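Here is the structure we will look at.
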Amino acid sequence: MKVEYIYHSGFTVETDNYFLVFDYYKGDIELEDKKTIIFCTHNHPDHYNSEIFKWLEKNNKILYVMSSDIETKPSVRTYILDPYEDLKLHDIEINTFGSTDKGVSFLIKVEGKTIFFAGDLNWWHWNDDSKEEQEDMEKAFKNEIEKIKGRDIDIAFFPVDPRLKENYYLGGEYFINEIKPKVFIPMHFGDNFETTKKFVHKMSNTDTKVVEISSRNQVFEI
């Protein structure tokens with residue numbers, strides 16, 4: 001697989017036969033002439049931009065898989081999903097899970113590999129939240145991870161958000177320890193690339209390969 005970091009939580013994944021786009025909202029992107037599926041986890045403006053529908057002008061075979069909180073209508077090219085639903089497109093299997101914010105997270109099986117894309121599923125431990133709010137968030141996050149456990153995940157895209165300050169790593173560390181993906185790709189950090197470097201160092205003793213991202217449009221062969 002070829003993975004390209006576009007910006008923030010925006011990525012592309014290219015396989016032999018497919019081109020997948022996740023949570024694009026801005027940045028330089030070049031579509032490939034392959035079966036293309038655009039995934040959008042929720043309607044926050046740093047995860048979704050309606051401009052993606054203009055891409056049909058270049059490739060009228062694009063399919064869209066959208067969370068149900070996004071204001072768009074289902075069609076022959078657009079599929080709307082709630083958490084805990086299943087969908088098969090071509091020979092790709094798609095399962096949705098929940099989030100600790102809005103929308104869904106995606107589990108995708110494509111060409112013998114399994115991808116997990118978290119969207120805004122994270123342990124959002126904000127220092128200015130009350131103790132009760134922090135405990136509720138921890139419980140909600142761990143309950144959702146429990147639903148994902150037992151699956152063999154090859155690549156996980158997961159938030160490592162510097163706005164959480166010293167708590168930036170909590171969700172990612174817990175996800176790695178519980179799910180044990182083969183490769184972990186951090187996201188939701190904007191241009192704060194130092195956060196990914198810190199997380200790589202913090203998780204240096206795990207069997208999971210954690211990818212360090214240092215620039216927009218960085219490409220990884222996985």
Inset, instruction - Find how many whole Å separate the alpha carbon centroid of segment 121-166 from the alpha carbon centroid of segment 171-222. - result: 15
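Relative contact order of segment 61-206: what whole-number percent is it, with Cα pairs under 8 angstrom and at least 6 residues apart? Before the final figure, lay out the partial values.
Details: 248 pairs, mean separation 22.7, N = 146.
Averaging sequence separation for qualifying contacts and normalising by length gives 16 percent for segment 61-206.
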Legend entry - Rounded, prolate or oblate (a/c below 1.5 giving rounded, otherwise prolate when a/b exceeds b/c) for segment 1-110 by Cα gyration tensor: rounded
Inset, instruction - Could you grab the Rg to Rh ratio for segment 2-221? Cα atoms only, Kirkwood for Rh. - result: 0.94
Inset, instruction - List the chymotrypsin sites (Phe, Trp or Tyr not before Pro) within segment 1-97 that fall in a DSSP loop (any state other than H, G, I, E or B) and whose Cβ has at most 14 other Cβ atoms within 10 Å. - result: Y84
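Antiparallel DSSP bridges in the chain: what percent, to the nearest 5?
If I count the DSSP bridges inside the chain, around 55 percent turn out antiparallel.
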Inset, instruction - Can you figure out the FRET efficiency of N192 with E133, using R₀ = 30 Å and their beta-carbon distance, to the nearest 0.05? - result: 0.75
Inset, instruction - Given the options K54, K102, K142, state which has the largest fluctuation in a GNM of the chain using a 10 Å cut-off (strictly under) for Cα springs. - result: K54
Legend entry - Qualifying trypsin sites (Lys or Arg not before Pro) in segment 1-52, DSSP loop, other Cβ atoms within 10 Å at most 15: K26, K34
Inset, instruction - Among D191, D129, D82, determine the one that fluctuates most according to a GNM of the chain built with springs between C-alpha atoms less than 10 Å apart. - result: D129
Legend entry - Greater than 31 Å apart at Cα, pairs in K58/K113; K54/K202; K35/K142; K2/K149: K54/K202; K35/K142
Inset, instruction - Restrict the search to segment 1-93; then list the GluC sites (Glu not before Pro) that DSSP places in a loop and that have at most 15 other Cβ atoms within 10 Å of their Cβ. - result: E30, E32, E71, E85
Inset, instruction - Have a look at H90, H47, H188 and tell me which one the Gaussian network model of the chain (Cα, springs below 10 Å) gives the largest fluctuation. - result: H90
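Hey, can you rank 203-212, 173-182 by average C-beta count inside 10 Å, highest first?
173-182, 203-212
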Legend entry - Structure-based [θ]222 nm, the chain - -39500 (n - 2.57) summed over DSSP H runs of at least 4, per residue, nearest 500: -5000 deg cm²/dmol
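Read-outs: derived from the displayed coordinates by stated rules, not from any lab. As the structure is a prediction and not an experimental result, all values here were calculated from the model. When we count neighbours, we look across all protein chains shown, and the Cβ atoms used for this are built from the backbone with ideal geometry, even at glycine.
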